[in-house]
Amino acid sequence: MKKVLIVEDMINEFVTGKFGSDRAQSIIPNVVALVKKARSLGVPIIFSCDAHTLTDKELSIWGEHAMKGSWGSEIIPELTVEKNDIIIEKNTYSAFVDTKLPDILKEMGADTLIIVGVSTDICVQNNVAFAYFLGYKTIVPRDCTASIDEEAYEISLKYMQSIYGTEITTSDKVL
Ligand SMILES: [Zn+2]
């Protein structure tokens, strides 16, 4: 089994910015610890980050957020990016659309994606969906993901488990 850790939108905008929340902030220590563990085990780490431009369709729904090159699109300061880590800038909920991610995962020989970050019901779920379409097994540790509200979070975890066969677990069990 070749696992890859994908850290979804742990960027300022979704943690302490326009769409930030206490719930997103509460998972920081768990995500930091998991990234550290992945690094120590040689598991590749991919940061998937919103980096919008003014023509992105999504802005008509959410307004301007996490604009490319802005503070909002920067990875939160608690997470360190090291030289072997990969950053994918994305323009929509899924990091698989119009990016090199599918090729990168293929090159790595990945078969299992551990997906963490925010929001559970939006970007995490949409990445899980595309991963599933491309044949990857997905694992979501529930203590490393958050939505703005509890209900959306719980519904999304159940949906991923039943529709995409995602393993919903805890971060102490994934690596
Ligand atoms: Zn966005």
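Couple of notes before you dig in:
- Accessible area per residue in Å² at 1.4 Å probe, computed on region 49-89: 63 Å²
- As a fraction of the 1.4 Å probe accessible area of the chain, surface on carbon and sulfur atoms comes out at 54 percent.
- Total lysine pairs under 27 Å (Cα atoms) in region 1-91, excluding pairs fewer than 8 apart on one chain: 20
- If R0 is taken as 22 Å, the Cβ-Cβ distance between ARG39 and GLU150 corresponds to a FRET efficiency of 0.10.
- Where MET160, MET108 fall by accessible area, highest first, once all protein chains stay in place (1.4 Å): MET108, MET160
- Estimated FRET transfer efficiency (PHE133, LEU59; beta-carbon r; R0 22 Å; 0.05): 0.30
- Value of relative contact order over the chain, rounded to a whole percent, pairs C-alpha under 8 Å and six or more apart: 27 percent
- Computed helical MRE - 222 nm, the chain, DSSP H runs ≥ 4 contributing -39500 (n - 2.57), nearest 500: -9500 deg cm²/dmol
- Within the chain, DSSP assigns beta bridges of which about 5% are antiparallel (rounded to the nearest 5).
- If R0 is 25 Å, the Cβ-Cβ spacing of THR112 and THR80 corresponds to a FRET efficiency of close to 0.55.
- If you wrap the tightest convex hull around every Cα atom of the chain and split its volume per residue, you get 108 Å³.
- Spin-label model, TYR159 to ASP103: label points 7 Å out along the Cα-to-beta-carbon direction sit 3.1 nm apart.
The values are calculated or read from the model by the stated rules, or taken from the named source; none is laboratory data. Just so it is clear, the model here is predicted, and its values are computed rather than measured. Using ideal geometry, Cβ is built from the backbone for each residue, glycine included, and neighbour counts are taken over all protein chains shown. Quick note on the areas: whole protein, heavy atoms, side chains included, nothing else; ligands and nucleic acids left out. Shrake-Rupley method; radii C 1.70, N 1.55, O 1.52, S 1.80 Å.
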